[in-house]
Amino acid sequence: MLTTSSVDSIALDAEHVLQVYRRAPVVFESGKGCALFTRSGERYLDLISGVGVASLGHANPVLARAIADQAATLIHTSNLFHHPLQAELATRLSAMTGLARAFFCNSGAEAVEACLKFARRYWHAQGTPREGFVAFDHSFHGRTMGAVSVTWDSHYRDPFGPLVPGVTFVDPRDAAAIAAAITESTAAVIVEPIQGEGGVRPIPQAAADAIAAACRRTGALLIADEVQCGLGRTGKLFHSPALGLTPDLMALGKALGAGVPIGAAMFSDRVAAAAKPGDHGSTYGGNLLACRAALTFLDELEGGLLDHVARAGAYLEAGLRAMASRQRAIRDVRGAGLMWGVEIDRPAAAVVDAARDRHLLINRTSDTVVRLLPPYIITEREIDEALPLLEAAIEAAVEAPQQ
């Protein structure tokens, strides 16, 4: 039972919650579809979906029934024992990704950690240890120690050094530099096919070609971080195949649980063969509740939702590009499917605030980029509702005096 008011919640947060988030001054207590609601019933159209997590929208009835049924049956037994849902989910993800085996965890960052660990484990098992990683400018892979070590922005890195050594960052626009950076000492290359936190930046095809060629030449493993751009977000199951990339490992998260925490690291047979009992683990990873949510999401995705994302994404893109033709402050529109970044000619925080004042939820990334990650179920009518609100927010930010 809720016993505190919205004001109390914000005050208690300030007093007792570790202050590592810049939260907006609003408290949401319910949701439905692509909308969130405050206690007083104010409706906000949600185009960030928990930073790409609420893939089926809020209070999705199919997901709610599945979670309730599983909670009333069995939630958790630990990985000391078998249960049927983990094996079923692993089998389905293997078929979707082309990677033979899955390790289940609780987040995308944990999936990245597993990929980094087992890239080194693979080379250790070969008797020719490799320690180096190649990552990219504007990359973001999470905030755990390994994940932040391959994250480019010094804001995330510098307060926590020394980090995992042996990481080389390369400009993804420089194919020659990519080829030079990947050597016989590189354990793995880690790449987001579309960089999310770094500003919704698609990896150029020339970069993908250079990565693939260098991995073939040197034997370096390829890790695809599909945490944000994977699992249907771009209108395709995964975005790395669209670039001609064939990963040895893949990190998944965000949309997979549709709001229930779950991540997965996928492994090729040759990488998985290096794993031994005790090499890695997770107390909660792949429990019955999380797997049931993920299976429900995959049922919806493969039952027509993926096609809907492609159609809705094309509709959203057309609207954003039309907006860019009218608004001189918009420098670029980048993305695919239902993953879009609108780069403007000034810090985007003012646009986010102005949009929230108009009951539209978005966020900013890379300082000047407005990021849109709506639920997969968004309709054209809701896009038509959102776009004028976004345009008005951009106009308001342009008209306001800059700090």
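Couple of notes before you dig in:
- Amide proton proximity set for L74, modelled H, under 5 Å, gap of 5+: none
- Under 13 Å, Cβ to Cβ, from E42 - net charge with Lys/Arg +1 and Asp/Glu -1: +1
- Other-chain or far-sequence residues with amide H under 5 Å of G198's (modelled H): F140
- Formal net charge of residues neighbouring S55 (Cβ-Cβ distance under 10 Å; K, R +1; D, E -1): +1
- Solvent-accessible ranking of H155, H280, largest area first, probe 1.4 Å: H155, H280
- Rounded, prolate or oblate (a/c below 1.5 giving rounded, otherwise prolate when a/b exceeds b/c) for the stretch 195-307 by Cα gyration tensor: oblate
- Annotation: amide H of V167 within the under-5 Å range of F133, sequence separation 5 or more or interchain, hydrogens built in the peptide plane.
- Answer label for P(r) over Cα pairs in 10 Å bins from 0, in percent (calculated), chosen among [x] 5, 22, 29, 22, 12, 7, 3, 1, 0; [y] 5, 22, 31, 27, 13, 2, 0; [z] 4, 15, 15, 12, 11, 11, 10, 8, 5, 3, 2, 1, 1, 0: [y]
- Reported to the nearest whole Å, the Cα centre-to-centre distance from the stretch 185-241 to the stretch 254-317 is 17.
- Normalised by the number of residues in the chain, the average gap of Cα pairs under 8 Å and 6 or more apart makes the relative contact order 20 percent.
- Non-local Lys pairs in the chain, i.e. 8 or more apart or on different chains, that have alpha carbons under 21 Å apart: 4
- The distance from the alpha carbon centre of the stretch 121-171 to that of the stretch 13-40 is 33 Å, rounded to a whole number.
- Computed from backbone phi, the HN-Hα couplings of the stretch 102-111 come to 10, 10, 9, 9, 10, 6, x, 4, 5, 5 Hz, rounded to whole numbers (Karplus: 6.51 cos²θ - 1.76 cosθ + 1.60, θ = phi - 60°; Gly and Pro given as x).
- Taking trypsin sites (Lys or Arg not before Pro) across the stretch 50-107, none is in a DSSP loop with at most 14 further Cβ atoms lying within 10 angstrom of its Cβ.
- Estimated FRET transfer efficiency (S9, A180; beta-carbon r; R0 51 Å; 0.05): 0.45
The values are calculated or read from the model by the stated rules, or taken from the named source; none is laboratory data. Model, not experiment: these values are computed from the prediction. Quick reminder, even Gly has a Cβ in these numbers, built from the backbone with ideal geometry, and neighbours come from all protein chains shown. Please note that ligands, DNA and RNA were not included when accessible areas were found on the heavy atoms of the full protein model with its side chains. Shrake-Rupley method; radii C 1.70, N 1.55, O 1.52, S 1.80 Å.
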